[in-house]
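The values are calculated or read from the model by the stated rules, or taken from the named source; none is laboratory data. Keep in mind it's a predicted model, so treat the numbers as computed, not measured. Positions of Cβ are generated from backbone atoms using ideal geometry, with glycine treated the same way; all protein chains shown enter the neighbour counts. Accessible surface areas use protein heavy atoms only, side chains included; no ligands, DNA or RNA. Shrake-Rupley method; radii C 1.70, N 1.55, O 1.52, S 1.80 Å.
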Amino acid sequence: YVWSRRNPHARMQVLVFPVQAVYLPWTLAVVSLLMGGSIRDHLLGIFCGHIYYFFADVYPLMPTSGGFQLFKTPGIIKYVFRQRE
């Protein structure tokens, strides 16, 4: 979900149908439903992905947020993988 929101204009191929990336999670949920699977897991993934996307990419850019980031990578993880800010 997060990838599809960050790359909304990318084109994907699902079975034989071209789909824009922004619709990919919903398309995969519908395909799973048509194949007799449960849509519940897909909807939960879309919900969790949307919450993460909002607080990681949208909210910090809002003027009222002051740049606050709810989800930040812990410093120890950045140190272990030698990542800089």
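Measure nothing but the geometry: give the 0 to 90° angle between the long axis through the Cα atoms of 24-34 and the longest principal axis through the Cα atoms of the chain, rounded to 10°.
Helix 24-34 sits roughly 40 degrees off the main axis of the chain.
Just add up the charged neighbours of Ile46: K/R +1, D/E -1, any other residue whose Cβ is under 14 Å from the Cβ of Ile46.
Details: positive: Arg5, Arg40; negative: Asp41.
So the environment of Ile46 carries a net charge of +1.
Under the rule a/c < 1.5 gives rounded, and otherwise a/b versus b/c splits prolate from oblate, where does the stretch 1-41 land using the Cα gyration tensor?
Numbers: a/c = 4.08, a/b = 1.54, b/c = 2.66.
It is oblate, given that a/c is not under 1.5 and a/b is not larger than b/c.
Would you mind checking the radius of gyration and Dmax of the chain based on alpha-carbon positions, in Å?
So, for the chain, Rg and Dmax equal 16.5, 46 Å respectively.
At most 15 other C-beta atoms within 10 Å and a DSSP loop state: those are the exposed trypsin sites (Lys or Arg not before Pro) I care about. Give me the longest piece of the chain that has none.
The longest such stretch corresponds to 1-71.
Pulled fully out, how much extra length does the chain show between Asp41 and Arg84, if you take 0.36 nm times their separation in residues and subtract their Cα-Cα distance?
12.0 nm
Could you check which residue among Thr27, Thr73, Thr64 shows the biggest mean-square fluctuation in a GNM of the chain with a 10 Å Cα cutoff?
The residue with the greatest mean-square fluctuation here is Thr73.
Taking the chain as the reference, fit the longest principal axis to its C-alpha atoms, fit the long axis of helix 40-53 to the helix C-alpha atoms, and give the angle between the two in degrees, 0 to 90, nearest 10.
Long axis of 40-53 versus the principal axis of the chain: about 30 degrees.
Which far-off residues, 5 or more places away or on another chain, put their amide H under 5 Å from the one on Gln20, with H placed in the peptide plane?
It is Met12, by chain and number.
If the chain between Val30 and Ile51 were fully stretched, how many nm would it gain, using 0.36 nm times the residue separation less the Cα-Cα distance?
5.5 nm
Give me the net charge for the shell around Asp57: Cβ to Cβ below 12 angstrom, other residues only, Lys and Arg +1, Asp and Glu -1.
Numbers: positive: Arg5, Arg6; negative: none.
So the surrounding residues net to +2.
At 1.4 Å probe size, with the rest of the protein present, what percent of the exposed accessible area of the chain is carbon and sulfur atoms? Could you put the intermediate results ahead of the total?
Working: 4450 of 6830 Å².
Percent of accessible area from carbon and sulfur atoms in the chain: 65.
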